[in-house]
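First up is the structure itself, then whatever we jot down about it.
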Amino acid sequence: MASGTPLNDDDRREWLDTLAALFAEYRARDASLVIACSGLKKRYREQLRQGDPALNILYLEGTRELLLQRLETRAGHFFKGDTMLASQLVDLEPPVKREAFNASITLSPNQIVNQFAATLRLTCRTLS
């Protein structure tokens with residue numbers, strides 16, 4: 001990606017397997033873990049859930065324009081320009097309801113975290 005070439009499914013497979021194994025390790029220890037990962041496709045998220053079927057996913061959604069604006073203002077990051085964003089948006093399969101918690105990137109990080117935490121607390125109460 002640093003060279004401007006988008007990753008493909010084969011490029012991502014080993015990394016997703018590594019993350020799934022990490023989720024499984026933490027689940028086995030009954031420990032919590034937060035990981036940031038662009039699970040663009042449904043099959044990527046399914047691969048991650050192989051490590052923890054109860055994995056909670058937070059999907060950050062925003063308009064193409066806002067995403068591009070934020071990318072262009074990032075200092076010192078290789079992911080620049082519209083070409084790489086366009087390739088990710090082509091691959092994007094937004095999660096369906098119940099597959100992930102959706103939050104708008106127009107919210108502040110604190111608002112997003114607070115909403116997600118509230119959803120997790122409600123989910124835990126419902127399951128117990």
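The residues in segment 52-69 that are surrounded by 13 or more Cβ atoms within 10 Å (Cβ to Cβ), assigned to a loop (DSSP other than H, G, I, E, B) and among the hydrophobic types (A, V, I, L, M, F, W, C) can be counted, and the count is 2. Total residues in segment 38-51 satisfying the condition of being surrounded by 18 or more Cβ atoms within 10 Å (Cβ to Cβ) and of a type in the set (Asp, Glu): the figure is 0.
Return yes or no: is residue 87 touching a Pro at 6+ places or on another chain (Cβ under 8 Å) and surrounded by 11 or more Cβ atoms within 10 Å (Cβ to Cβ)? Yes. Only residues that are under 12 Å from the mean Cα position of the chain (by Cα) and aromatic (Phe, Trp, Tyr) were counted in segment 19-77, giving 2. The set of residues in segment 104-124 being within 17 Å of the chain's Cα centre (by Cα) and hydrophobic (A, V, I, L, M, F, W, C) consists of 105, 107, 112, 113, 116, 117, 120.
Among the residues making up segment 90-127, a single one is outside any helix (DSSP H, G or I), surrounded by 14 or more Cβ atoms within 10 Å (Cβ to Cβ) and of a type in the set (D, E, K, R): 99.
If you go through segment 69-114 and keep only what is at pLDDT 95 or above and hydroxyl-bearing (Ser, Thr, Tyr), you end up with 104, 106, 108.
Yes/no per residue for (1) touching a strand residue (DSSP E or B) at 6+ places or on another chain (Cβ under 8 Å); (2) over 20 Å from residue 7 (Cβ atoms):
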site: 18; (1), (2): no, no
site: 35; (1), (2): no, no
site: 46; (1), (2): no, no
site: 63; (1), (2): no, yes
site: 74; (1), (2): no, no
site: 102; (1), (2): yes, yes
site: 123; (1), (2): no, yes
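The values are calculated or read from the model by the stated rules, or taken from the named source; none is laboratory data. None of these values were measured; they are calculated from a predicted model. Note: ideal-geometry Cβ built from the backbone for every residue, glycine included; neighbour counts use all protein chains shown.
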